[in-house]
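What follows is a short report on a single structure.
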Amino acid sequence: MAEHSNGGRTALVIGGGLAGMLAVTALIGQVDAITVVERDRYPEGHAFRKGVPQARHLHVLLSGGQRALEELLPGTLDALGDAGARSLDLPRDLLTRTPTGWQRRFDERRHRTLSVTRPVLDAVVRERVLRAAARSATRVEVLEATEAVGLTGDAHRVTGVRVRSRDGVPAGRAVRELAAGLVVDASGSGSRTPQWYGDLGRTAPHEETVDAGLAYATRMYRPKDPATAPEVAVNVPGWPECPRGGAYVPVEDGNWLLTLSGVRGHHPPTDATEFTAFSATIGDPYVHELLARAEPRSPVYGFRDTRNRRRRFERSGALPEGFLVLGDACCTFNPVYGQGMSVAALGALAVRGTLAGGGSTAEAQRAVARAVEPAWLAAVGADRPYASPEDATAGAGERLTTWYLDRLVARAAIDPVVGAAFRDVFCLTAPPTRLVAPRIVLRTVFLPRRPGLPSPPTAVEGVPAGPRKAAAAARRPTGG
Ligand SMILES: Cc1cc2nc3c(=O)[nH]c(=O)nc-3n(C[C@H](O)[C@H](O)[C@H](O)COP(=O)(O)OP(=O)(O)OC[C@H]3O[C@@H](n4cnc5c(N)ncnc54)[C@H](O)[C@@H]3O)c2cc1C
């Protein structure tokens, strides 16, 4: 990696959350020293912290993200399992209600989704990153309770970060400068890089937003009697005619999380009684019925800002030298698709590969953009029907995507071949082009629309050999 006169072979990561820790992993062995500045103090054990407010809500790690995480930090999936993360085989272990009925439970065994609370996931990843750092030649220092308040440098190059301590008396909170050869912004969706660009004399990067106006409300439960606990998780996403949804999934320690969601005009309430009543109004009463067998373990927590927002740092001239942007600071997604953490891991892997191969930071940022692209297309394609008029207008390609996805979701619920392709793409293990392979298009467009199952299926169905082989072929690395 290129050296810089002030910072030498050093890196500074803004934000010690998931993307920040994965950035450290990507840089270990490539620089001599890494400083992480984190606004919070990390809590003892597996506790919630203010800097990651979304951590109260249901978080699943898709198979594509798991692969990237494991490649970055081998052994992490086992460590998450040891910490109680639950593994859900899709679609077998996740009953899903689509607009046309319940999805069939194919025993595909190709996509395991991990379900675990964010405090556990973050703590396990952080612990493993710091342990890997301690074994490496790279010195890693984490400055907790330290907030980045600006960038240093000029319009062409970032040379460091201005930071302020959040501990102690105000006099001790003076702003100071930390120099670094490379600065990585991993400060999450509240990143202030667009404003900081202004201070450096740069224009903010181009930003695209598609906002379905979705709000979340989440509560933790525990089955009253473990013997009658549900065997599998349930997902009833909203759809245009019923834009309210809910997902009920197991997490560690025998607890379950219920997240209810709704678009503008259908936001789920945070009052406990109203929350329970809302669960009866989503597209199917099944989740509401399950709640009768569980007792609440937490208050109801709400979350409002769920827009898809992408900043185009990879575009020509949009990135000063010595700077990279990763995770939610670069791109956030409607959380209902469960992609953000996986994309952060895929992005970190892309950074590691590019820099280790002698590539520049601009090339690394373009690699991050390529890692973002499939998830972005899937999320904005699915969210278009709910987008607000101020959002970037849909091009013909996006409108076609939305029309096609609608048919594909209906077909995927009943068809093992189309279902396999759909899961490959939405679990981020195959590019979106898999959805337009001739055989998938033929089945999606020309086979007659058929309803899904009328009630949540109890039976698991085998998968014919054909789809298994096709899916295995699709999973083989393409080298690209
Ligand atoms: C309601 C909800 C549900 C979600 N569900 C899923 C899901 O099921 N699956 C999935 O993959 N993704 C999900 N996501 C997305 C996921 O939460 C994010 O993609 C992920 O947390 C991104 O990691 P990050 O490190 O970029 O940001 P964060 O996790 O938000 O971490 C940012 C870190 O930066 C620190 N920080 C911020 N500003 C500063 C500063 N100025 N100086 C120093 N430190 C700073 C913060 O304290 C924090 O530690 C969900 C998101 C939401 C909102």
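A few points about this structure:
- Placing +1 on the Cβ of every Lys and Arg and -1 on the Cβ of every Asp and Glu, with nothing else charged, gives the chain a dipole about its Cα centre of roughly 840 debye.
- Principal axis box of the stretch 213-303, alpha-carbon based, largest edge first, Å: 37, 23, 21
- At least 18 Å along the helix axis (C-alpha) and Kyte average at least 0.5, DSSP helices within the chain: 340-356
- Calculated FRET value between residue 175 and residue 42, using beta carbons and R₀ = 25 Å, to 0.05: 0.65
- Accessible surface of the chain [probe 1.4 Å, protein heavy atoms]: carbon and sulfur percent: 52 percent
- Here the calculated FRET efficiency for residue 356 and residue 270, from their Cβ-Cβ distance with R0 = 41 Å, stands at 0.35, rounded to the nearest 0.05.
- The residues of the chain expose, per residue, 42 Å² of accessible area to a 1.4 Å probe.
- Most positive-pole-ward Cα, 214, 254, 286, against dipole of the stretch 213-303 from beta carbon charges: 214
- The alpha carbon centroids of the stretch 127-192 and the stretch 328-376 are separated by 20 Å.
- MRE, 222 nm, helices only [DSSP H, n ≥ 4, -39500 (n - 2.57), over the chain, to nearest 500]: -9500 deg cm²/dmol
- 20 Å binning of all Cα-Cα separations within the chain, expressed as whole percents from 0 upward: 24, 56, 19, 0
The values are calculated or read from the model by the stated rules, or taken from the named source; none is laboratory data. Since this is a predicted model, take the numbers as computed values, not measurements. Note that each Cβ is placed from the backbone with ideal geometry, even for glycine, and that neighbours are counted across all protein chains shown. Ligands, DNA and RNA are excluded from the accessible area calculation, which covers all protein heavy atoms including side chains. Shrake-Rupley method; radii C 1.70, N 1.55, O 1.52, S 1.80 Å.
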